[in-house]
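Everything on this sheet refers to the single structure shown next.
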């Protein structure tokens, strides 16, 4: 049982780190730059950690830029305020994501201009073979380690299969319905947690919509974004280089 829980927690946070660090803060917002080696490294890291629920950085970045441009309007690809429930919200997101992924979206030229794209990983990650391979691997891992009297642990498998969309559903539903607001952004964005250890800073949606270029999603002294110290460490190690304008954005953070 302990091994299964360690595996689940590791998959949750490694996949989540790929989403918030590489897909969101790098691909969508360009908060920092990295050389081609490290870009390919994190592209591959994202594929390995998201597995069967791999999300394309190009498609994710495009949808996220649309989310900022159309926040909580009917054109927002994932707002809870134009969906009857979380499942219909994510189904709409999936349809728009597929259109962007396959270059069928009218929004491509406006929103995806400088987003990284590695065609090999894009094709591999979106292939049925890859998704089936990762899904089967999760099942076999559970079969090998789950004790016969703990069958209920298999209920965790659907989360493994859909880890990326599960994270997206939590962030976009909770982050625009539940919590408090530090800023009036003319939308319904909320900060759902004060110490966002669950989603590594992604639930500071109200702060992020006010300060979209700020690397630290926490804005008040009592808030904590656990991804920000990792970014600072990677910058100190010279793996990434913070864009100067985002250093200014950080210095102007709300008191």
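The values are calculated or read from the model by the stated rules, or taken from the named source; none is laboratory data. Small disclaimer: the values here were computed from a predicted structure and weren't measured. Heads up, the Cβs are rebuilt from the backbone with ideal geometry, glycines too, and the neighbour counts pull from every protein chain shown.
For this structure, a couple of remarks:
- On inspection, residue 23 qualifies as within 15 Å of residue 240 (Cβ to Cβ), in contact with a helix residue (DSSP H, G or I) (Cβ under 7 Å, 6 or more places away or on another chain) and in a helix (DSSP H, G or I).
- Residue within the stretch 177-184 that is touching a residue at least 12 places away in the same chain (Cβ under 8 Å) and crowded, with 20+ Cβ neighbours inside 10 Å present: no
- For the stretch 188-204, the criterion of being surrounded by fewer than 18 Cβ atoms within 10 Å (Cβ to Cβ), at pLDDT 95 or above, farther than 18 Å from residue 29 by Cα and in contact with a strand residue (DSSP E or B) (Cβ under 7 Å, 6 or more places away or on another chain) is met by at least one residue.
- Test: residue in the stretch 172-195 that is closer than 18 Å to residue 76 by Cα, out of contact with any helix residue (DSSP H, G or I) (no Cβ under 9 Å at 6 or more places or on another chain) and assigned to a helix (DSSP H, G or I): no
- Residues of the stretch 139-153 that are surrounded by 11 or more Cβ atoms within 10 Å (Cβ to Cβ) and closer than 14 Å to residue 3 by Cβ: 141, 142, 145, 146, 150, 153.
- Within the stretch 215-232, being assigned to a loop (DSSP other than H, G, I, E, B), in contact (Cβ under 8 Å) with a residue 24 or more places away in the chain and surrounded by 18 or more Cβ atoms within 10 Å (Cβ to Cβ) holds for 215, 216, 219, 223, 225, 226.
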